[in-house]
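First the structure, in the form of structure tokens, and then the observations on it.
A short reminder: the numbers here are calculations on the coordinates, not readings from a lab. All values reported here derive from a predicted model rather than from experimental measurement. Note: ideal-geometry Cβ built from the backbone for every residue, glycine included; neighbour counts use all protein chains shown.
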Amino acid sequence: MNSGFGFKLVLLASAVVPHMAFAQTSDVGEPAAASAPDLSGEIVVTAQRRSERLQDIPASISALDSERLQAAGVVDISNIAPRIPGFYAGGFGASRPQLYIRGIGTRQFDPGSESSVGVFVDESYLGRTGGVLGTLKDIERVEVLKGPQGTLYGRNTIAGAINVITKGPTSTLSAEAEAGAGNYNSYDLFGAVSGPIAGDALKGRIAGWRSYRRGYVTNLTTGNHAQGLDNYGGRLRFEINPASNLKIDLIGEIMRDTGPSFQGESVGSTLNPNGILLGKATLVVPRTGDRYKQPYTTDTDYNRHVDAVTAKVQLETELADIVSVTSYRKMKYSDDRDFDNTVFDVIRQISVEDSKQFSQELRLVSNEDGALSFGGALNWILGVYYYDDKSYHQDTFDFGADSVVGEGGLDTTFGNYRTKSLAFFGQATIDITSTLNFTAGARYTEDRKRADLGGTTTDARPLVPAPFLQRNPEKKFTSFDPRFTLAWQPTRDLNFYASYGTGFKSGGYQYTPLSAAQAALVFDPEEIKAYEVGVKSVFLDGAVRANAGAFRYDYSNLQVSRVTLLPDGTTPSLITNAGKSRIEGGELDLTVTPMRSLELSLGYAYTKARYLDYVAGALDFSDTRMVRAPKHSVNLGAQYTAEIDDNNDLTFRVDYAYLSKFFHEPGQAEIRFGSTIPLTAESGYGLANARITYRMGDWKLSGWVQNLGDVDYRRTVLALPGQVINIYGQPRTWGFTLNWSI
């Protein structure tokens, strides 16, 4: 490992003040919205499948608790990214997120492929990418685990994992409510009630929410709006304690999204700013000069239904705890939009997906006081995991009068997918001395996949040349992923660690194949070898916390999705494997609390991510930068609380997040890779948020602004042959929120 810069970060953090002590609030230094930082507080996480103090875990983990989520105005997982060093989130909308941790991620969203960042809600894996961006309401905390999590979390966590833990029932009656309003006709309603139903034997919690925001992109043709939010949902939880050593958690959740989907601005290419994929060559795209106001042929329409049930059973025995997590999740969505994103009637795309997933995990977790723990010197976990997903995805391309086909052309691609996965895993930590411990773990995974892919056409062009149906035989992918960690903790507040582990992301099938030959193409699994060293430290009786790490990833068969123009004239979206890649970097997470009323935080990540060997047809991307991996990302936060009296205070909070230049497409914006590639570079930008909260006993009144500087930036781009479509991020938004809780 030769990332000298990253190692300097580790040395800096460990040498700041050699003899200090440091308390926790959260691993990213985000303070509560309406109260001064609690220097005595400890945050406990379950990232390693058992409850542990965050600073004791020898791994890079960040966490946001419920107060910090509320203070940040978090709507979904993508809002967390600017508060976590090395975490990037973009995408086309709720059904097409793009999550990247330390330069590793994916923009694939179909059932044939899967995310590189695993998202878990109450230990239930969200297998379909279209369902991971749910509204984060009534949340206890969110944990972000960086680096491959192959041992305890398994496949498709090659970049990391995100744990969302919802609030559970309480032993006493409690309630909370929230109402807010802001610009773009936005409003937000939330309520929750929790408490005992039959004493400690049965407790319950029910929560519901409704969020609306008019879209910030205007269709000048119709006057309607895209890029909005229209969501409602609810969650019901029961905690059953039939015996002192038995606990049963039952969780049911629904989520509904409707209204307009995403829309962007067509900017053509460097050779032809009027370029439109499959549009007539004579078309001239009108320019409005306002990226948020564009004429489109049709309005977008989006609908998503998600239903989920999770059952968690925990039985404590003298030797070990037996934990069972059973989950069933169903999702349907449809997405209808003007694909060419212009005033011309070229292509309309209608996407539909229907998926059902079942998972079962069974774990044995050592009891610290049990005989098999040898007086607490050995902690271990053994488990088995099963996953089954059935999905159907279809895309319909409806060609209009301004297309090269002419009005009435209709092409359809579709696929039936089935994924079954079985894994066995285990991990053990042994105390070599009172301050030195060693952890070894491994996971064996076996995925079995199959896909029947097809297409239809009305005119034998321009996308699907002829009807086809390709029935792919079952494909098996296997992986053995070990992990080793050595940790030295000389004091409670100083923790050094070094780790090595591997990760695995399953192979799969294509998204929109346009022929049987393309449908038969299977891409290989990704593999990673990860090295990391780090330190977690607490100084000055909790006034300073400095966590740092350095890492290196050796990557094989990175899966890259590109819309490609083939010699036969078709333009499929194909996934291919980049031969080898390397990522090196370092991170620093610093929180300083010079007084109880003031907290300052700094997060910094340096990432050097390059393709070492990546040839795609006639293009050689070797020795170019990887996509969505800015070299520098900075997160700054400051909070000051002025106490008025025992029940009243005023809190001021500002946050700033900066990303240096990065690229949405391979080729680092060089014209030699195509006429659209120079338009896919994203200049560095920074986003600032501010919030003022006045607390009056059980009430809180907040005024907030997101994107304070009204900065223009792109959430992502769609790079097509001869055409780039920009999907812009949210402009300045502001509003007021009233909270009440008992």
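Listed by chain and number, the lysines whose alpha-carbon sits under 24 Å from that of LYS700, ignoring those within fewer than 8 places in the same chain, are LYS137, LYS167. The smallest convex shape that holds all Cα atoms of the stretch 583-699, its convex hull, gives 121 Å³ per residue.
Rounded to the nearest Hz, the phi-derived 3J(HN,Hα) couplings of the stretch 581-597 under the Karplus curve 6.51 cos²θ - 1.76 cosθ + 1.60 (θ = phi - 60°) are 9, 9, 10, 10, x, x, 9, 10, 10, 10, 10, 10, 10, x, 8, 4, 8, where x marks glycine and proline. Short-range pairs are left out: with C-alpha atoms under 8 Å and at least six residues apart, the relative contact order of the stretch 85-202 is 20 percent. The distance linking the stretch 168-232 with the stretch 43-104 is 20 Å (Cα centroid to Cα centroid, whole angstrom). Cross-link pairs exceeding 27 Å in C-alpha to C-alpha distance, out of LYS476/LYS529; LYS390/LYS631; LYS476/LYS580; LYS580/LYS661, comprise LYS390/LYS631. For the stretch 668-742 versus the stretch 378-441, the spacing of their alpha-carbon centroids is 28 Å.
For TRP740 and PHE652, the difference between the fully extended length at 0.36 nm per residue and the C-alpha to C-alpha distance is 29.8 nm.
Relative contact order of the stretch 485-574, taken over Cα pairs closer than 8 Å and 6 or more residues apart, is 27 percent. When you filter the trypsin sites (Lys or Arg not before Pro) in the stretch 263-297 for DSSP loop state and at most 12 other Cβ atoms inside 10 Å of their Cβ, you are left with ARG287. Apply the a/c threshold of 1.5 to the C-alpha gyration tensor of the stretch 147-265 and tell me whether it is rounded, prolate or oblate. Because a/c hits 1.5 or more and a/b fails to exceed b/c, the stretch 147-265 counts as oblate. Between GLN314 and THR172, the contour length at 0.36 nm per residue exceeds the alpha carbon distance by 48.9 nm.
Kirkwood analysis of the Cα pair distances in the stretch 375-493 returns a hydrodynamic radius of 19.1 Å. Estimated from helical segments only, the mean residue ellipticity of the chain at 222 nm is -500 deg cm²/dmol, where each DSSP H run of four or more residues counts as -39500 (n - 2.57). Based on alpha-carbon atoms, the Kirkwood radius and the radius of gyration of the stretch 659-742 give Rg/Rh equal to 1.25.
Considering only TYR497, LEU202, GLY637, and ranking their Cα positions along the charge dipole of the chain that arises from unit charges at the beta-carbon of Lys, Arg, Asp and Glu, the one farthest toward the positive end is TYR497.
Considering only Cα atoms, the convex hull volume of the chain works out to 140 Å³ per residue. Here LEU486 and VAL404 are evaluated by their C-beta separation; at R0 = 45 Å the FRET efficiency comes out at 0.15. You can think of it this way: the chain between ARG53 and ARG596 has 193.3 nm of extra reach, that is 0.36 nm per residue less the Cα-Cα gap. Normalised by the number of residues in the stretch 430-547, the average gap of Cα pairs under 8 Å and 6 or more apart makes the relative contact order 24 percent. Each of the peptides 729-735, 96-102 was scored by the mean count of other Cβ atoms within 10 Å over its residues; in descending order, highest first, they stand as 96-102, 729-735. Pair-distance distribution of the stretch 466-532: all C-alpha pairs, bin width 5 Å, starting at 0; shares per bin in whole percent are 4, 13, 16, 13, 10, 9, 8, 7, 6, 5, 4, 3, 1, 0. Between rounded, prolate and oblate, where does the stretch 146-203 land on the alpha carbon gyration tensor, with a ≥ b ≥ c its root eigenvalues, rounded for a/c under 1.5, else prolate if a/b exceeds b/c? It comes out oblate by the Cα gyration axes. Identify, among THR456, SER403, ALA423, the residue whose Cα sits farthest towards the positive end of the charge dipole of the stretch 396-494, taking +1 on the Cβ of Lys and Arg and -1 on the Cβ of Asp and Glu, with the dipole about the Cα centre. The residue sitting farthest along the positive end of the dipole is ALA423. Could you tell me which of rounded, prolate or oblate describes the stretch 34-173, using a ≥ b ≥ c as the square roots of the eigenvalues of the alpha-carbon gyration tensor, with rounded for a/c under 1.5 and, failing that, prolate when a/b is larger than b/c and oblate otherwise? Verdict is prolate for the stretch 34-173. The chymotrypsin sites (Phe, Trp or Tyr not before Pro) of the stretch 333-427 that meet both conditions, a loop assignment by DSSP and at most 13 other Cβ atoms within 10 Å of the site Cβ, are PHE374. Can you give the FRET efficiency to the nearest 0.05 for LEU566 and ALA642, using r as the Cβ-Cβ distance and R₀ = 51 Å? That pair, LEU566 with ALA642, gives E of 0.20. Counting only the Cα atoms, the stretch 294-447 fills a convex hull of 169 Å³ per residue. Simple spin-label estimate for VAL352 and ALA377 gives 6.4 nm between the two label positions (7 Å along the Cα-to-Cβ direction from each Cα).
The label point for ASP76 and the one for MET696, both projected 7 Å from the Cα toward the Cβ, are 3.5 nm apart.
Could you list log10 I(q)/I(0) for the stretch 452-588 at q = 0.12, 0.13, 0.21 Å⁻¹, which the Debye formula gives when each Cα is one point scatterer? So the normalised log intensities work out to -0.67, -0.73, -1.18. Applied to the stretch 442-450, the Karplus parametrisation 6.51 cos²θ - 1.76 cosθ + 1.60 on θ = phi - 60° returns per-residue 3J(HN,Hα) values of 7, 9, 10, 10, 10, 9, 10, 10, 8 Hz, with x for Gly and Pro. Using the Karplus relation 6.51 cos²θ - 1.76 cosθ + 1.60 with θ = phi - 60°, the per-residue 3J(HN,Hα) values for the stretch 170-187 come to 10, 7, 10, 5, 9, 7, 8, 8, 8, 9, x, 8, x, 5, 6, 6, 7, 8 Hz, with x marking Gly and Pro.
The trypsin sites (Lys or Arg not before Pro) of the stretch 449-541 that meet both conditions, a loop assignment by DSSP and at most 14 other Cβ atoms within 10 Å of the site Cβ, are ARG492. Put a dot 7 Å past the Cα of VAL384, heading toward its Cβ, do the same for ILE254, and the two dots end up 3.6 nm apart.
Considering only SER186, THR151, ALA161, the residue lying farthest towards the positive end of the dipole of the stretch 135-195 is THR151, judged by Cα position with unit charges set on Cβ. Applying 1/(1 + (r/R0)^6) with r as the Cβ-Cβ distance of ALA517 and VAL711 and R0 = 45 angstrom yields a FRET efficiency of 0.50.
For the stretch 303-356, list log₁₀ I(q)/I(0) at each q in 0.23, 0.28 Å⁻¹, using the Debye formula over Cα point scatterers of equal strength and ignoring solvent, two decimals each. Log10 of I(q)/I(0), two decimals: -0.88, -1.01.
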